[in-house]
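Following: one structure in structure tokens, then a few remarks.
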Amino acid sequence: MTEPTETLAKGVITTRIADFRASLPHGGVLLGLDPGTKTIGTAISDAGWRFAGAGKTIRRGKFTVDKATLARLIAERAVKGIVMGLPLNMDASEGPRAQAARAMARNLADLGLPILLWDERWTTQAATRALIEQDMSRAKRVDRIDSAAAAMILQAAIDALSGAVL
């Protein structure tokens, strides 16, 4: 099992909200990521950590291209930290998808931002239900589901951040 907080040469990767909070400046935009095998859903928070909104969905290609796309988004939005979905199994164990998310986090660490790995169990199902409740067609849901899930992941993390005790 991987340690809850991993300090790399360029940044911190953690599953602990207090460690993530301690590595952030006061406020600032956060980027939410829902990494999948075919796409990466993105979401952006406001600088005051009150709300998260779905961003664009990035079609996965070579990791260097995906990383460059994320780096541009980080620079454009002046992002201060990343919240990435960690797809745990229902028993909270880590399988291949969680290991892939951790590997992606380590590969993004050289961007110099703290990274919080957030339990994303049920977010895709919840996002799907929310989009269905909005009467969104199946075709539109396919394009927006990953970013909607990223927004749910990010919102849960910023809700926890606002209650984090240092």
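In this structure, does Leu88 turn out to be more than 18 Å from Ala151 (Cβ to Cβ) and touching a Lys or Arg at 6+ places or on another chain (Cβ under 6 Å)? Reasoning before the result, please.
Numbers: more than 18 Å from Ala151 (Cβ to Cβ): yes; touching a Lys or Arg at 6+ places or on another chain (Cβ under 6 Å): yes.
Yes: the conditions hold for Leu88.
Looking across segment 1-27 at every residue that is at pLDDT below 90 and of a type in the set (D, E, K, R), the one that is farthest from Ala98 (Cα to Cα) is identified as Lys10. When restricted to residues that are buried (at least 23 other Cβ atoms within 10 Å of the Cβ) and assigned to a strand (DSSP E or B), segment 18-36 contains 6.
Each residue in segment 60-87 was checked for being surrounded by 16 or more Cβ atoms within 10 Å (Cβ to Cβ) and of a type in the set (Gly, Ala, Ser), and 2 of them qualify.
Among Met104, Met84, Met90, which is the only one that is over 16 Å from the mean Cα position of the chain (by Cα) and not small (Gly, Ala, Ser)? Checking each option against the conditions leaves just Met90.
Mind listing whichever residues of segment 45-79 are touching a residue at least 60 places away in the same chain (Cβ under 8 Å) and of a type outside the set (Gly, Ala, Ser)? Lay out the reasoning, then the answer.
Here is the first cut: in segment 45-79, the ones touching a residue at least 60 places away in the same chain (Cβ under 8 Å) are 45, 49-57.
Matches in segment 45-79: Trp49, Arg50, Phe51, Lys56, Thr57.
Candidates Thr39, Thr15, Thr57: the one that is under 15 Å from Pro114 (Cα atoms), in contact with a strand residue (DSSP E or B) (Cβ under 8 Å, 6 or more places away or on another chain), buried (at least 17 other Cβ atoms within 10 Å of the Cβ) and polar (S, T, N, Q) is Thr15.
Return the only residue of Thr15, Thr42 being polar (S, T, N, Q), touching a residue at least 12 places away in the same chain (Cβ under 8 Å) and under 19 Å from Asp146 (Cα atoms). Every option except Thr42 fails the conditions. Within the set Leu116, Leu108, Leu154, the sole residue that is crowded, with 20+ Cβ neighbours inside 10 Å, outside any helix (DSSP H, G or I) and modelled with pLDDT of 85 or more turns out to be Leu116. There is no residue in segment 63-72 that is polar (S, T, N, Q), touching a strand residue (DSSP E or B) at 6+ places or on another chain (Cβ under 7 Å) and modelled with pLDDT under 90.
The values are calculated or read from the model by the stated rules, or taken from the named source; none is laboratory data. Worth saying up front: this structure is predicted, and the values here are computed from it rather than measured. Ideal geometry is used to build each Cβ from the backbone, glycine not excepted, and the neighbour counts take in all protein chains shown.
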